[in-house]
1. Is it the case that GLN310 is more than 19 Å from the chain's Cα centre (by Cα) and outside any helix (DSSP H, G or I)?
2. Go through the residues of the stretch 3-23 one by one and say whether even a single one is at pLDDT below 90, within 14 Å of GLY121 (Cβ to Cβ) and part of a helix (DSSP H, G or I).
3. Look at VAL442 and say whether it is more than 21 Å from the chain's Cα centre (by Cα), modelled with pLDDT of 95 or more and closer than 30 Å to VAL294 by Cβ.
4. Do you know which residues across the stretch 271-325 are within 30 Å of ALA365 (Cβ to Cβ) and among the charged types (D, E, K, R)?
5. Within the stretch 358-381, how many residues turn out to be assigned to a loop (DSSP other than H, G, I, E, B) and out of contact with any Pro (no Cβ under 9 Å at 6 or more places or on another chain)?
6. Name the pairs: first residue in the stretch 1-24 and of a type in the set (Asp, Glu), second residue part of a helix (DSSP H, G or I), Cβ to Cβ under 7 Å, at least 6 apart or on different chains?
7. Within the stretch 397-419, does at least one residue satisfy the condition of being out of contact with any Cys (no Cβ under 7 Å at 6 or more places or on another chain), modelled with pLDDT of 95 or more and farther than 26 Å from SER329 by Cα?
8. Taking GLY377 and the conditions (1) closer than 29 Å to ILE363 by Cα; (2) surrounded by 20 or more Cβ atoms within 10 Å (Cβ to Cβ); (3) among the small types (Gly, Ala, Ser), which numbered condition does it fall short on, given that it satisfies the others?
Amino acid sequence: MIVPALILVPLCAGLLAFWWRADGPRRALLVLTALVHSGLTVAAWVQWNNNLHSSAPIAILPGTWLALDAAGLLFLSTVSALFLGCAIYGVGYLGREKHQPHIDYEEHLFFSNEPEAVFTGCLLLFLASMTLVCTSQNFGLLWVGVEATTLASAPLIYFHRQHRSLEATWKYLLICSVGIALALLGNFLLAVATSDPRGPTTGLFITDLVQNPGKLHAPWLKAAFLFFLVGYGTKMGLAPMHTWLPDAHSESPSVVSALLSGALLNCAFLGILRAHQVCVAAGVEDFSQGLLRVFGLGSMAIAAVFILGQVDFKRMLAYSSVEHMGILSLGVGLGGRGAFGAGLHAMNHSLTKACLFLVAGNILAAYETKVVKDVHGVRRLLPLSGILWIGGFMSITGAPPFGTFLSEFTILKAALDQGRPIVAVLYLALLAVIFIGMAGIVLPMAQGEPSAALYESRRREAILSTLPPAVFCLAVLAVGLYLPPTMTAMLDEVSVALGGN
């Protein structure tokens, strides 16, 4: 009953939030739902850990629509943790934005005549749809879940109701809709790959496909994977299909940007992992891994170009997401311990990027600009946010002892162990270029002196705006210092499913 509850609780709460007129109870509903979802996720962890150490672990049965395997639980845990932190941050954020002049709360009528109700309701539906993606054990249902994330998150991007946010929303809808249409063609091709005129078809259940790889037609399976990679890669932000991502991440409210980058991109990545898992079982992993390596390095290269000299610090973080999606793709493409590193890096990137986007929201609220050259002295004006801004920068660029260093180093070691020196050199070179580009943006913002007017009008940083990013940053630091055995076992299981050892 845990898996259905994980979906139904935020779904019902989201529908209720659309009609609830009072701000206080609706925000309490947001946090309460996040707490319940996190509690259910912890219960799923306990159940998975008990099964892991039992003499006869419970396997996912063929024909199962909803279930949690190691990969699904890993990504669900990240989604749930991020949503809880963002819900707590969002309470203060919504209270602050309620009084901003750029939002007309009377002009835009929808359900309870309150844009905040739409925002809260869509946030909760967004959580439900991402949970559906993580728990889906059928390619068709997974596709429905990914499409639902698009529909639920589009109103969140348009929250500020400015022309730039409208443009970002339409670009997000149009480009991701094309991508999801291509992924649907991938489902059709996969169905063709499973067809057998002499007997019953295998269907699109992941367990069935992995356990019966001999029934798959390799040419059609390769074609299906290509469409899955391009389709879900569009939603994931892999270059060159990433063009919606910088606008959507930079124009969204910071709490939404954190969820888009830290949670949504992982859900799209999970769709690619499921397809790759079938390719591994069918013995065509060389094809899928080669494509993943090419797209991975390509995404890192394009991100490096746009990070250098970037003038908008939220767009810088958006292009950093493109870079790290490339790192995930490269890790899985390398296979072996690279797949282990990719799973670990997915978690590290999500926590770090959520920290950075939430801190970016604090900076934007204080300076009222996203232009890099107009922001100086963050460490003096916002002491805790300034520390987290620098700490997040160190983590996102893979500096020790943060967990991102461990995961990026694991991927590098996988490239060297496999005798791929060119891949390793390109990987290191791109990481170095991106480090230089981000350092030239982040450090001048943190250092220096804020203007006298800003310094005199400064306010004490609210606990709701600093606690969630601080917890995320400390969590990545803790992973870099100590990786719990249960987490290692889960990552090992994910790695084996993806062709690792």
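1. On the way: more than 19 Å from the chain's Cα centre (by Cα): yes; outside any helix (DSSP H, G or I): yes.
Yes: the conditions hold for GLN310.
2. yes
3. yes
4. Within the stretch 271-325, ASP312, LYS314, ARG315, GLU323 qualify.
5. 3
6. From the stretch 1-24, the pairs are ASP23/GLU116.
7. No - not one qualifying residue is present in the stretch 397-419.
8. Against the list (1) closer than 29 Å to ILE363 by Cα; (2) surrounded by 20 or more Cβ atoms within 10 Å (Cβ to Cβ); (3) among the small types (Gly, Ala, Ser), GLY377 comes up short only on (2).
The values are calculated or read from the model by the stated rules, or taken from the named source; none is laboratory data. These figures come from a predicted structure and were not determined experimentally. Don't worry about glycine lacking a Cβ; one is built from the backbone with ideal geometry, like all the others, and counts go over all protein chains shown.
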